[in-house]
Amino acid sequence: MTVSLHLGVSFMTRKFTKACVICLERHNVVHSKQFLFALRNFGTGPDDSDREDSSSDAPASTFPQLSRRASLFGRRRPLSPLERVSQLLPEDTLSQEVWALRDTRNTEVEQDSQSLGKEREEAIEASQGSFAPHHVCVPGERPLCFGETLLAEFSRKRRLEFRKMFQLKEGLKLHSNWGLIAHNDMEGGPAGSVIRTSMGIPIVIRRPGLDEFTLFMKRGPAIAYPKDASAMLTMMDVTEGDCVLESGSGSGAMSLFLSRAVGYKGSVLSVEIREDHHRCALLNYQRWRSSWSLRRGEEWPDNVHFHHGDLISAGPLLAGRGFNSVALDMVNPHLALPAVVPHLHPGSVCAVYQANITQVIDLMEGLRCSALPLVCERIVEVQYRDWLVGPSLKKDGTFNKRKAPQDNDDDKSEPNEDTKGDLNCQDPVTFGDVPYIARPHPEQTGHTAFLVKLRKILK
């Protein structure tokens, strides 16, 4: 019966075991005091807060202390079968082999606790020292300052896990599932720094480019994506000093690209029929200009004039003005062409941004039925295909190596014992010895719009 109780108790919890001890004592089922004492002290550690019958004269428990990992993550280390059985037996009955195995187990727990403690201390020190101590400022570089628009990124195993654009403000914190970073820790450091969060995760803090700003800025309607905006700028052949007309300000993405293309000497007239879209585009444009002045120390050209109104009836607004090119992002652009074409220079291009092919068909039908001096040169859809290219790795994280053709020469030297294990080491690999893998990225950008290129000619 005692043996069966030994096996049963090894699968019981501490509280349930204590209840069993009380029942056994009341009914006088077990007369061995040593066995009852072992049951009474059954548990997962000597420092349990709910142990009611612990006394100072009780023998010191030989059970190992909780590891640092268990205390950090709120979990107790699982007990081995040897520890469960040996806790139920009197200590004077244990052999030397059992004591040696328990001592080895305790040593491994202490080493794991020490190594985890060192990793935790290194993460804390790295988070306190936010920026690289040996960074050398290059000419023209300006440190991060409050008011700038920044971009935070975290990648793991060639996959982007986190990306967020935010404005640097004093006293605030960057919140994410990977921890917190105080804005004060970013201020005054160089762009492109790696800062560790409160959880020890490295986050890259840098300044966004114009294409990234347009993708992550606050938007109302859908934006003209950078790939389409660059194609439209190429179609329109926009250069510095041009005067460009834009209809459909939207969230202000195309206005920003046009503003950079025409420069200080040029100008952009952006017309939007909806008041909320007009207000959103104006705010994004001002936000980019203020962030640019902080990061560069010079003003972004104030060359975009936003107008709230309908382009179809904007004759007085366009009176006496000529444009080197026109960009239209409207539901029915063929209705606005009669008011726009007279102000377009001969030989210049009007680029039309259309979301679906039915709009393109309506545009072509409107051109056929009108007497406008326009010729459709191209209808394109811009598609980008991202690829993943990286070195081939083994499961242990080391590089694979190219395998040379096997020769059948008899005098070929066999690898000795010293060089057999060199393939899995982390020694530097010479150029051309590591094979690479390349495949399309699993997350591709789908259809965005059709671009129609119309050119004005004199018939």
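The values are calculated or read from the model by the stated rules, or taken from the named source; none is laboratory data. Here the structure is a predicted model, which means the values were calculated and not measured. Neighbour counts run over all protein chains shown; Cβ positions are idealised from the backbone, glycine included.
Among the candidates ASP362, ASP329, which residue alone is free of Cβ contacts under 8 Å to residues at least 60 places away in the same chain and of a type in the set (Asp, Glu)? Give the derivation first.
On the way: ASP329 fails: free of Cβ contacts under 8 Å to residues at least 60 places away in the same chain.
Among ASP362, ASP329, only ASP362 is free of Cβ contacts under 8 Å to residues at least 60 places away in the same chain and of a type in the set (Asp, Glu).
Go through segment 267-292 and give me each residue that's closer than 20 Å to GLU240 by Cα and either hydrophobic (A, V, I, L, M, F, W, C) or free of Cβ contacts under 8 Å to residues at least 24 places away in the same chain (or both). Give the derivation first.
In the first step, residues of segment 267-292 are kept if they are closer than 20 Å to GLU240 by Cα; the result is 267-270, 285, 288-289, 292.
Selection gives VAL268, LEU269, TRP288, ARG289, TRP292.
Restricting attention to segment 346-359, which residues are exposed (fewer than 14 other Cβ atoms within 10 Å of the Cβ) and either over 17 Å from MET232 (Cα atoms) or without any contact (Cβ under 8 Å) to a residue 12 or more places away in the chain (or both)?
Step one: of segment 346-359, the residues exposed (fewer than 14 other Cβ atoms within 10 Å of the Cβ) are 346-347, 356-358.
Answer for segment 346-359, where residues must be exposed (fewer than 14 other Cβ atoms within 10 Å of the Cβ) and either over 17 Å from MET232 (Cα atoms) or without any contact (Cβ under 8 Å) to a residue 12 or more places away in the chain (or both): PRO346, ILE357, THR358.
Hey, does segment 211-223 have a residue that's within 29 Å of the chain's Cα centre (by Cα), buried (at least 24 other Cβ atoms within 10 Å of the Cβ) and either outside the structural domain of ALA327 (by TED's automatic domain parsing) or under 24 Å from THR149 (Cβ atoms) (or both)? Let's see the steps before the verdict.
Filtering segment 211-223 for residues within 29 Å of the chain's Cα centre (by Cα) gives 211-223.
With buried (at least 24 other Cβ atoms within 10 Å of the Cβ) added as a condition, the list becomes 214.
Filter once more, so that each one left must be either outside the structural domain of ALA327 (by TED's automatic domain parsing) or under 24 Å from THR149 (Cβ atoms) (or both): 214.
Yes; the residues of segment 211-223 include at least one that is within 29 Å of the chain's Cα centre (by Cα), buried (at least 24 other Cβ atoms within 10 Å of the Cβ) and either outside the structural domain of ALA327 (by TED's automatic domain parsing) or under 24 Å from THR149 (Cβ atoms) (or both).
Going by the structure shown, is ASP329 touching a helix residue (DSSP H, G or I) at 6+ places or on another chain (Cβ under 9 Å) and not assigned by TED's automatic domain parsing to the domain that holds ALA191?
Details: touching a helix residue (DSSP H, G or I) at 6+ places or on another chain (Cβ under 9 Å): yes; not assigned by TED's automatic domain parsing to the domain that holds ALA191: yes.
Criteria met by ASP329.
For segment 330-375, which residues satisfy the criterion of being under 42 Å from the mean Cα position of the chain (by Cα) and more than 20 Å from LEU311 (Cβ to Cβ)?
Once the filter is applied, which keeps residues that are under 42 Å from the mean Cα position of the chain (by Cα) and more than 20 Å from LEU311 (Cβ to Cβ), segment 330-375 yields ASN356, ILE357, THR358, ILE361.
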